[in-house]
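Step one of this worksheet: look at the structure below.
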Amino acid sequence: MRSWNAEEKELWSMFSKNAKILVVDDIISMRKQVIWALHSQGFNTFMEAAHGQKAWEMLLQADAPFDLIISDWHMPMLSGLEFLKMVRSHPEFKDIPFFLVTAENDPALIRLAHEEGVSGYILKPVDSESLEKIFQKHFQKIHSAV
């Protein structure tokens, strides 16, 4: 992966300062770990949900759309994968970047998540450096397509 060019750095800086992020995990310490890693990358605005059903309700009730969703894969009530399917099937939310946080390494499940439109994976344990690499790869892919 190549390093950021000046234009990408500037765009990323503007995005991270203004992005509204939904963090979904049934374990509060994991949500806090993700938020800490995001904050260290320059993100400032977070909403939290303990499971996919609550996150879905938050999406529907939000005044402004979320810019990014980071969700645990395995949760009670509504899993991250089920939540992803709902997001991708809704015309208003279908283009929101959606990352699954997981320790999952089953190729069949990972392929299924790709088929459902996941933007990428964040492997546990979550740290600032891994987030930077994942987001840089995703952002450069999107930026080069424009």
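Each reported figure results from applying straightforward, stated rules to the coordinates on display, with no laboratory input. Computed from a predicted structure; not experimentally measured. With ideal geometry, Cβ positions are generated from the backbone for all residues, glycine too; neighbour counts draw on all protein chains shown.
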Value of [θ]222 nm, deg cm²/dmol, for the chain, DSSP H segments ≥ 4, -39500 (n - 2.57) each, nearest 500: -15500 deg cm²/dmol
Chain lengthening between H39 and A108 when straightened (0.36 nm per residue, less Cα-Cα): 21.6 nm
Built amide H within the under 5 Å cut-off of K20, gap 5+: D67, L68
Set of lysines with alpha-carbon distance to K32 below 25 Å, sequence-local pairs under 8 removed: K17, K20, K54, K85, K124, K133, K137
Extension gain from H138 to Q61, taking 0.36 nm per residue of separation minus the Cα-Cα distance: 25.0 nm
Difference of contour (0.36 nm per residue) and Cα-Cα distance, E129 to M86: 12.5 nm
Dipole-positive endmost among A113, L59, M75 within segment 59-128 (Cβ charges, Cα centre): A113
Mean-position separation - Cα centroids, segment 89-140 and segment 31-73, in angstrom: 14 Å
